[in-house]
Number of protein chains: 2
Amino acid sequence: MKIGELAKRTEVPTRMLRYYEEQGLITPRRQQNGYREYDEYLVDRVKKIRGLLDSGIPTRIIGDMLPCLNQPQEIVVADPDPELRAMLVRERDRMTERIALLEHHTHALTQYIAAMDRSLAATTETRLPQ
Amino acid sequence: MKIGELAKRTEVPTRMLRYYEEQGLITPRRQQNGYREYDEYLVDRVKKIRGLLDSGIPTRIIGDMLPCLNQPQEIVVADPDPELRAMLVRERDRMTERIALLEHHTHALTQYIAAMDRSLAATTETRLPQ
DNA sequence: GCGCAACGTTACAGTCATGTCAAGGTTGAC
DNA sequence: GTCAACCTTGACATGACTGTAACGTTGCGC
């Protein structure tokens, strides 16, 4: 498929798809006219890249991490490199910290929103009797 | 306190403290010699700013959001601006999405790490009998 | 074939949160 | 007085986008 279709299916702008290619995360083939030609499996890959970037993982690390997230039923580890393992543990722990932080903030925001709603309801009520 | 102490206590580099000031998130007073003078309450504020930035909220939004996260016992909403409310809901929902994503990835990574460990244990075992 | 919209290409500039460094002023200890 | 440790501003670099300009390709109606 061409870049436009991939963009639609992944909701990642074409601009970003070209950027990820520049960063070596995906390497589409080229048609004779120079257009990029994307294989089906890249749809999933791109979605995964987006997810990881949204999680705050830099492209450089995503490159090493991606093969570890392809879990076709059974996880097969070809080369249990201890350095890779350490990196994965480090990143996972950072993710866990971020989760805690985000949960704290969502909670605080939810409370504030509820307070706004109460305040709004109160002013509406006081106005009603008029 | 001076910038260095604040940096130590918040673990935010001085560079960033100056940047947050540039973005209008904090406004320290100045000593006669031009040094920035930070009040005690800014320690908390800076930590909050960091947390929000780590959660992927841009400084521009943090500025509007900060007053909503000061919960001194009871939340008092002065002006229940519906636009502000919408912004807060939007950001909270984005945070919730990020949490789901992060949880998914931490889970995947944990599984992969476990697989690496099993693989490593297996190779160690097969070597043991020798 | 012509025109034209929709799509593709590269390349360069700008943004945002950071990092890093230079050049210089201030303070405090010895 | 000098030296380290601290502060100041300012400039340039980087990583992940984001926008846009300038231009080539494709496919459709006419």
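None of the figures in this text is laboratory data; all of them are computed from the coordinates on show. What you see is a predicted model, and the numbers here were worked out from it, not measured in a lab. Note that each Cβ is placed from the backbone with ideal geometry, even for glycine, and that neighbours are counted across all protein chains shown.
Counting only other residues whose beta carbon sits under 13 Å from that of A:Leu66, what net charge do I get with K and R as +1, D and E as -1? Taking every other residue near A:Leu66 into account, the sum is +2.
Between A:Ser119 and B:Lys2, the modelled labels are 4.0 nm apart [label points 7 Å from Cα along Cα→Cβ]. Straight-line cross-link reach from A:Lys48 at under 29 Å between alpha-carbon atoms covers these lysines, not counting any fewer than eight positions away in the same chain: A:Lys2, A:Lys8.
Let a ≥ b ≥ c be the square roots of the eigenvalues of the Cα gyration tensor of chain B; is it rounded (a/c under 1.5), or, if not, prolate (a/b larger than b/c) or oblate? Here chain B falls in the oblate category.
With each label modelled as a point 7 angstrom along the Cα→C-beta vector, the B:Ile61-A:Arg15 pair spans 1.8 nm. Compute the separation of the alpha-carbon centres of the range B:14-53 and the range A:1-76 and state it in Å as a whole number. So the separation of the two Cα centres works out to 39 Å.
Whole-Hz Karplus values for the range A:23-38 come out as 8, x, 8, 9, 9, x, 6, 10, 7, 4, 7, x, 5, 6, 10, 9 Hz, taken residue by residue from phi with 6.51 cos²θ - 1.76 cosθ + 1.60 and θ = phi - 60°; glycine and proline positions read x.
Of the GluC sites (Glu not before Pro) found in the range B:1-30, those in coil by DSSP whose Cβ has at most 13 other Cβ atoms within 10 Å are B:Glu11. On the beta carbon distance between B:Thr110 and A:Thr27, with R0 = 22 Å, the FRET formula returns roughly 0.15.
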